[in-house]
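The values are calculated or read from the model by the stated rules, or taken from the named source; none is laboratory data. What you see is a predicted model, and the numbers here were worked out from it, not measured in a lab. Note that each Cβ is placed from the backbone with ideal geometry, even for glycine, and that neighbours are counted across all protein chains shown.
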Amino acid sequence: MGDFVFNCFGIRIFLKSWVFDLIVKMAEIIVNESFEDDAGELFGDIESGSFDSSELFKLQMDAKEIVSDSEIDELISYGMVEKNLTYDLPYQREGALKLLRDLNATALLADEVGLGKTITTGMVIKEGVVRGFLKKVVILAPPSLVDQWRQEMMDKFELDFHIVESVEDWERYDFVVASIDRVKIFDRKIQRFRHGAAHGVSWDLVIVDEAHKLKERNTVRWKFVDRLRKKRFLLLTATPFQNDLLELYNLLHILKRGHLGTMKEFRKKFLFRGNKRHPLNPAELKAKLEEVMVRRRRDETGIEYRARIPKIVTVEMSEQEKKIYENTVRLLRENYFRKDGSEINGALIVFAILPKVTSSSRSAVESLTKIVESEVYSDGTKDFAQGILDDYVKLDRDSKIEKLVSLVKEIRARSADEKILIYTRHPTTLKYIVEKLHESEEKLRIIEFMGGFDREEKSRRIESFKRGDADILISTDTGAEGLNFQFCRNLINYDLPWNPMSVEQRIGRLDRIGQERDMYIYSFATKGTMEEHVVDLIINKMCCVGLVIGELPIILFNLGLDGEGKSGRNKIEEKLMASFIEGKGNLDFFARGVGEIAEEISRGMEEYEGEKELNSNFLDKD
């Protein structure tokens with residue numbers, strides 16, 4: 001490209017090509033002030049079209065695009081998505097408008113838990129896409145919420161976000177959602193982030209969910225996010241202020257450099273004698289925070305969450321069933337060997353075999369049959385498994401399925417409009433439940449819901465359940481994401497995952513904005529088995545203790561228990577697994593391990609309640 005010559009107020013101005021290239025690149029730089037008026041004097045008037053260079057016209061158009069979002073006074077995209085939203089909640093629209101109009105979508109969205117920060121954020125993205133200034137967007141979320149984000153963006157806002165699976169995806173797609181835990185990994189051997197390709201993209205908007213996890217500046221998480229090139233930046237968290245004012249500084253520092261001054265200036269101005277919890281000049285600090293924050297409380301919006309009422313359904317085994325269960329545990333604990341005689345890993349037993357065996361008799365028979373027919377196992381293991389299968393043939397009753405049939409009858413007797421959502425982990429168990437419920441005297445209308453259905457089929461089945469074409473919807477966990485069943489208040493956990501976040505996702509299908517009744521959470525627990533202790537821990541001590549949807553993940557994060565452990569499983573699952581393996585299946589030993597986890601969770605909940613009060617006092621009160 002050659003040099004540029006153009007007239008400005010009658011003066012001939014020469015620009016070297018590299019200078020012009022620099023000016024064009026500057027159009028992508030994020031600024032907090034608008035110098036649109038000055039641009040008019042320098043480069044001409046866009047309305048009159050008085051330009052001596054087409055390149056300069058394009059530059060002015062780029063500048064117009066950069067500041068156009070600050071002039072937004074209505075959501076022109078709302079009519080496009082209104083039909084997809086279950087409820088029209090004005091505070092969500094108002095929040096999106098404020099984020100766009102007043103804060104250029106660079107802000108802290110700190111609504112209290114349960115008010116729908118995802119929906120408000122989706123409105124921001126949709127508006128930016130429709131207006132044309134959001135062409136590249138990344139959402140960084142906890143692993144358990146990645147699928148939910150993708151589903152919400154598609155179902156409610158008709159935005160196709162791709163989940164980042166490989167490094168190449170960063171450049172392959174313009175709209176992506178990624179597990180921050182997966183992509184933040186730093187390879188110390190080569191001194192690079194494995195997903196460093198994300199830092200080579202110029203993002204129009206970066207969104208970080210559960211942003212309180214950015215409270216520590218020296219972590220790889222903080223540094224990964226900080227290195228992203230971003231024109232706009234949204235941080236989502238209900239608890240921006242936790243135990244330490246310096247953590248609040250780190251959060252605001254990554255959002256907007258210099259907003260609270262240097263660390264030295266912040267300490268001097270806002271830390272009272274080094275006290276990290278109670279600020280010096282609190283009114284001034286709160287005012288600075290409000291300059292970059294949107295926050296609403298539930299009492300301001302009229303949103304009220306209903307109670308979760310836990311009901312543990314105890315299953316008493318018959319003598320035949322006890323014998324089968326005890327022999328199954330013996331198989332996995334003492335007689336589980338490969339063909340070459342080597343013992344099979346205990347973790348594999350817990351995660352791959354035991355859940356299927358305890359899910360249902362049909363699932364257990366299927367798993368045992370695979371052992372008998374496989375060439376992987378030793379003859380002794382196969383013979384032992386065959387003996388258990390022979391006992392199943394003689395079994396004259398299934399206490400667990402009988403209890404389910406009885407419970408369904410009891411729920412439906414409560415009122416004429418009672419709907420029931422049943423969850424199981426395994427497709428085999430799902431088919432078995434459907435078969436047995438159809439055999440009952442209730443003449444039930446049942447919808448099956450599993451992973452693998454396309455979007456249209458999922459929508460058809462959901463709408464059918466909602467209309468009243470069916471009394472019961474039975475789903476596997478792979479069908480759990482993105483479902484909204486506020487019209488239903490009965491959930492049955494026929495078998496329970498050992499991951500509390502998976503259980504929370506199940507309950508979250510009912511416990512959503514618009515639920516008008518208290519919810520009954522029924523969870524099956526077979527007496528005299530590990531199930532009894534796990535159900536008590538996850539249901540009575542974690543998921544049904546008065547928390548609002550979305551609060552449990554915060555508590556587990558604070559305890560360091562929200563992420564994946566060494567096996568790739570949730571850390572709570574790993575702790576439970578370790579107790580089972582270490583105790584060699586001894587139920588008393590396992591119960592003590594569960595009790596220790598329960599005490600840890602209880603302490604975390606107490607600390608979280610203190611944090612909530614601290615946030616409320618600091619953020620919400622004058």
- Query: Does region 496-514 include one or more residues that are assigned to a strand (DSSP E or B) and under 20 Å from Glu410 (Cβ atoms)?
  - Reply: no
- Message: For region 451-500, give me each residue that is out of contact with any strand residue (DSSP E or B) (no Cβ under 7 Å at 6 or more places or on another chain), among the polar types (S, T, N, Q) and farther than 21 Å from Ile433 by Cβ.
- Response: Ser459, Asn484, Gln486
- Query: Would it be correct to say that Phe487 is crowded, with 22+ Cβ neighbours inside 10 Å, in the same structural domain as Phe580 (by TED's automatic domain parsing) and either of a type outside the set (A, V, I, L, M) or part of a loop (DSSP other than H, G, I, E, B) (or both)?
  - Reply: no
- Task: Output the residues belonging to region 206-217 that are over 19 Å from the mean Cα position of the chain (by Cα) and either among the hydrophobic types (A, V, I, L, M, F, W, C) or within 23 Å of Lys571 (Cα to Cα) (or both).
- Result: Glu216
- Task: Can you work out which of the residues in region 380-390 that are touching a residue at least 24 places away in the same chain (Cβ under 8 Å) and more than 15 Å from Lys323 (Cβ to Cβ) is surrounded by the most Cβ atoms within 10 Å (Cβ to Cβ)?
- Result: Thr381
- Message: Condition first: modelled with pLDDT under 90, of a type in the set (A, V, I, L, M) and assigned by TED's automatic domain parsing to the domain that holds Thr526. Can you find one or more residues in region 420-438 that meet it?
- Response: no
- Flag if Arg569 is of a type outside the set (Val, Ile, Thr), modelled with pLDDT under 90, within 26 Å of the chain's Cα centre (by Cα) and surrounded by 21 or more Cβ atoms within 10 Å (Cβ to Cβ): no
- Query: What number goes with the only condition from (1) out of contact with any Leu (no Cβ under 8 Å at 6 or more places or on another chain); (2) of a type outside the set (Asp, Glu); (3) surrounded by fewer than 17 Cβ atoms within 10 Å (Cβ to Cβ) that Val434 does not pass?
  - Reply: (3)
- Message: Going residue by residue through region 601-618, is there one that turns out to be at pLDDT below 80, touching a helix residue (DSSP H, G or I) at 6+ places or on another chain (Cβ under 8 Å), buried (at least 17 other Cβ atoms within 10 Å of the Cβ) and assigned to a helix (DSSP H, G or I)?
- Response: yes
- Message: Can you tell me how many residues within region 239-262 are over 12 Å from Met293 (Cβ atoms) and buried (at least 16 other Cβ atoms within 10 Å of the Cβ)?
- Response: 10
- Wholly enclosed helices (runs of 4 or more DSSP H) of region 88-186 bearing at least 3 residues outside the structural domain of Ile513 (by TED's automatic domain parsing), touching a strand residue (DSSP E or B) at 6+ places or on another chain (Cβ under 8 Å) and crowded, with 19+ Cβ neighbours inside 10 Å: 117-131, 146-157
- For region 579-600, the count of residues that are in a loop (DSSP other than H, G, I, E, B) and at negative phi equals 2
- Message: Which count do you get for residues in region 187-206 that are modelled with pLDDT of 95 or more and assigned to a strand (DSSP E or B)?
- Response: 4
- Query: In region 174-185, is there at least one residue being among the acidic types (Asp, Glu), touching a Gly at 6+ places or on another chain (Cβ under 9 Å) and more than 26 Å from Glu247 (Cα to Cα)?
  - Reply: no
- Task: Could you list, in sequence order, all residues of region 516-543 that are within 20 Å of the chain's Cα centre (by Cα) and either surrounded by fewer than 21 Cβ atoms within 10 Å (Cβ to Cβ) or at pLDDT below 90 (or both)?
- Result: none
- Identify the residue in region 272-314 that is small (Gly, Ala, Ser) and assigned to a loop (DSSP other than H, G, I, E, B) and, among all such residues, is farthest from Val534 (Cα to Cα). Gly302
- Tell me, please, whether a residue that is in contact with a helix residue (DSSP H, G or I) (Cβ under 8 Å, 6 or more places away or on another chain), assigned to a helix (DSSP H, G or I), modelled with pLDDT of 90 or more and buried (at least 17 other Cβ atoms within 10 Å of the Cβ) can be found in region 447-455. no
